[in-house]
Structures are given as structure tokens and as C-alpha cells.
1. Let me know the Kirkwood hydrodynamic radius for the range 279-345, please, with Cα pairs as the basis and the value in Å to one decimal.
2. Please compute the net charge surrounding ALA335, taking Lys and Arg as +1 and Asp and Glu as -1 over other residues with Cβ under 14 Å from its Cβ.
3. Counting Lys and Arg as +1 and Asp and Glu as -1, what is the net charge of the other residues whose Cβ lies under 14 Å from the Cβ of ALA317?
4. Could you go through the range 127-136 in sequence order and give the Karplus-derived ³J(HN,Hα) for each residue, using 6.51 cos²θ - 1.76 cosθ + 1.60 with θ = phi - 60°, rounded to whole Hz, and x for Gly and Pro?
5. Less than 12 Å Cβ to Cβ from ASP138, Lys/Arg counted +1 and Asp/Glu -1: what total charge do the surrounding residues give?
6. Select from the range 293-340 those trypsin sites (Lys or Arg not before Pro) which occupy a DSSP coil region and have at most 14 other Cβ atoms within 10 Å, ordered by residue number.
7. Between ARG116 and residues 5 or more places away or on another chain, which pairs have amide H atoms under 5 Å apart, with H built 1.01 Å from N, and which residues are they?
8. Compute the distance from the alpha-carbon center of the range 342-415 to that of the range 252-302, in whole Å.
Amino acid sequence: MKAATERPGSRQSDREAVRQPVVDGLRGFRSLGARLHPRQARGGAAASGGEELPGCPVAAPGGPPWSPGRSLVISGYSGVGGACDHPCVNGFDIIGDIHGAADELETLLAGMGYERSDPTGAYRHPVRTAIFVGDLIDRGPQQLRVLEIVKEMADAGSAMVTMGNHELNAIAFASPDPTRPGEYLRRHSAKNQAQHAAFLEQVVGDDRSRFLDWFMTLPLWLDLGDIRIVHACWHGPSMAVVESEVGGNRFTAPEQFVRASTKGDPLYTAVEVLLKGPEVGLVQYGQPAFLDKDGHRRDRARLRWWNGQADTLDDLAEIGGSFTTEDGSPYPSVAAVPVPADERSYVYTDRVPVFYGHYWRRWAPQQSVDWTTYTACVDFSAVRSGALVAYRWSGEQTVMPGNYISSLQFSPQPA
């Protein structure tokens with residue numbers, strides 16, 4: 001972080017000018033500074049930045065690849081929102097977007113061997129740890145129960161949690177905008193109200209304040225050395241911006257949420273990529289705009305950053321099969337035209353498995369669509385399909401599709 005010695009009118013002085021209104025305005029939250037773990041801003045994208053955790057000593061630098069029973073280095077994850085407290089963890093269960101589907105969550109946890117433990121009552125596995133990729137809320141009918149289950153697990157050390165775009169949206173929806181009196185960081189438009197209505201109805205009063213407080217502490221990504229977890233896109237340059245601007249892999253002060261909600265701010269741009277994923281323009285390549293699953297007009301498509309071989313628009317643009325043009329016609333095939341290097345820069349080429357959610361896939365997982373050698377999506381539209389999905393990682397160095405597991409596998413089947 002830069003020292004606060006910049007001239008008036010600089011970005012630093014602008015941030016200081018809004019700090020106190022934000023602190024005063026976030027009346028629904030307790031003082032952020034009093035809640036943050038003193039080490040939580042440390043760590044980041046590099047596995048070498050990991051910290052020794054209680055009961056989980058750091059493995060020797062340069063040691064052999066992770067294997068079941070080996071202790072873990074967890075970069076930037078030092079107890080806020082959960083921590084690994086097992087000296088011998090035999091693997092991770094990475095669980096996709098839940099969106100208030102508590103029945104499916106409990107079915108999946110039980111099917112994977114998690115049981116409620118005493119005295120905390122939290123779900124725990126004897127030798128494995130759960131990781132939630134975010135988007136615990138909105139849409140589904142059991143959001144409070146989902147939050148209680150996941151936070152209990154995080155507090156007990158049997159799970160870790162990363163922030164999803166819906167958690168960030170909830171914070172911004174509840175946070176007054178210091179630059180626009182009477183407004184909020186996320187506008188209370190009809191569209192935003194509709195998207196957030198189920199959360200507002202189901203999570204109220206002290207419960208809402210408590211969970212919004214918790215959302216503010218969640219990391220934006222986790223680098224566990226041999227695997228990586230992020231809600232929407234693993235992108236090193238965006239992570240570097242976040243680390244530079246906030247000091248680590250999570251927010252550390254209320255005014256940072258203002259910047260993360262302000263278009264044009266570098267922090268906003270970086271967080272958008274990590275929690276919502278990059279996009280690629282269509283119109284400049286001669287492609288028409290389309291209507292998405294909610295009927296909203298889009299002239300940019302989600303970018304298939306997980307496709308390590310992509311270099312043309314048809315490889316990069318994610319256009320759902322049910323999408324139409326504005327006049328209701330089926331969307332035409334995307335042209336195989338070259339895409340500039342700056343848009344291809346989002347493509348993931350590292351040889352470390354990364355697990356992510358966000359993209360509302362349909363069960364069962366398909367190669368190149370849902371998983372590649374080094375990437376795996378775990379969001380399979382739990383609210384819509386009933387398929388809450390996890391990937392059970394046990395030390396393998398590449399993605400193995402047989403390690404996907406769905407709540408549908410444990411649900412009673414109709415007679």
C-alpha cells in the first residue's frame with residue numbers, strides 16, 4: 001500500500017475523502033476493523049506466501065507434491081471465515097453455488113460422509129475439508145439455513161469459503177453510497193430488487209447484519225499450492241491489482257467496497273473479473289446482440305477463460321444454446337475470427353488445477369465445457385436442477401471427471 005502522502009486530487013486523497021462517510025454510513029455493520037483477523041491481509045496469489053495455521057504446520061519449501069496426509073500451506077487464509085485445523089487432511093471437497101438450496105446441501109454433505117459434530121453441531125468429515133466457492137444466497141428457498149450450515153462449518157474449521165458475486169452484491173445493496181446521498185453502492189433498481197428479493201425476505205434483522213458482516217471478511221480467492229479456488233475466473237493480473245490495492249486477497253476496510261462498486265476504478269475492474277468473469281465483445285466482430293436467460297439484452301458474452309487453446313471468437317464466446325437475437329430468432333453461429341491478445345490474456349494456461357463456480361451449468365459435466373485438464377466448474381444450477389455438485393480432490397495433479405459428485409446421487413428417486 002502506498003503511504004498517505006500523495007497530493008490532493010490523487011486517488012489516495014480521494015479515498016481518504018470518502019472514508020469517514022462510508023464508515024458512518026455502513027450502519028448495518030459493526031466496525032470492520034474490530035472484526036478482522038490481524039493477519040488476514042497477508043498472503044495472496046503465490047503459494048509461497050502461505051502461513052502456518054493452527055494444527056497445520058507449513059510443509060518444507062521445495063518439498064514433494066501434496067499427497068493425502070501431508071500438511072497444507074493455505075495462502076492468505078488465516079482463520080477469518082474458517083481455517084484448516086487438521087494436521088492430516090486427506091483431500092478437499094469443492095462445493096458449487098448453493099443459492100439457498102439447503103436440502104440439497106445437507107444431502108450432498110451426508111452423502112460425502114460429513115456428520116454433525118459435538119459440541120459445535122457443525123458438519124465435519126473425519127479427514128477431509130469442504131471448500132465453498134461462493135454464491136450461498138439469492139434465488140433459493142432456504143437461504144438462512146444454508147448460511148447457518150456453512151458458517152458453522154467455517155467457524156469450526158471443517159470448511160473454507162470464498163466470496164461470490166452475490167455476497168458482494170448483498171454488501172453493496174446494504175451499503176449507502178457516500179457520493180450519492182440516499183443511494184446505495186448497488187442501486188435499488190427493479191432488476192436488482194428482484195434478484196435480491198428472496199434474501200431480503202428470508203434473512204432479516206440481526207441475522208442479516210450478522211451474515212453481511214461475515215461476507216465482508218471472505219477471501220476473493222484461495223491458493224492452496226496444488227489447487228486453486230475462485231468464484232468466477234482465476235486471473236493473475238487481476239489478483240495482483242487486488243493485492244496492491246487492499247493488501248491481500250480480501251477486503252480490509254469499508255471504503256474498499258466503494259471502490260469495488262465504482263466503474264472505472266482499477267479495484268472494480270479486477271473484482272469484476274474474479275467474481276463475475278471476463279467478457280468479450282460481439283458487435284465489433286459483426287455478431288448481433290443476444291437476449292440472455294433472463295431476457296436482458298447483451299452485446300458482450302462471457303469469455304471461456306478455461307479453454308487453454310482458445311484464440312478465435314467462436315472458441316472464446318460463451319453463448320447458451322437457448323439464447324436468441326433481439327427479434328427472438330435462434331442465435332447464429334459465432335464466427336471463427338481472431339481475437340486480440342488483450343482479450344486472450346484471460347485464458348488460463350497454468351498447470352495447476354483451478355476450481356470455480358458461477359456459470360450455471362447443467363449436470364452431468366462435459367469435457368471442454370465444464371472441465372479441462374486443469375479447470376473444473378462446480379456450479380450446476382442447484383436451484384433449477386436439484387444438482388448441487390462437488391469435486392472431491394485427493395491430490396491428483398489433473399482434473400479427473402470421475403471425482404465429480406452430485407446431490408442427485410443421494411436423493412430418493414421417484415417410484
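1. 12.0
2. So the environment of ALA335 carries a net charge of -3.
3. Its environment carries a net charge of -3.
4. 9, 10, 10, 8, 10, 9, 8, x, 6, 6
5. Values: positive: ARG139; negative: ASP97, ASP135, GLU167, GLU201.
Value of the local net charge: -3.
6. In loop regions of the range 293-340 (DSSP not H, G, I, E or B), the sparsely surrounded trypsin sites (Lys or Arg not before Pro) are LYS293.
7. Those lying under 5 Å, H to H, from ARG116 are ARG124.
8. When both Cα centres are located, 23 Å separates them.
Rule-based calculations on the coordinates, nothing more; no lab input. All figures in this text were calculated on a predicted structure; none of them were measured in a lab. Neighbour counts are summed over all protein chains in view; Cβ atoms, including those assigned to glycine, are modelled from backbone coordinates with ideal geometry.
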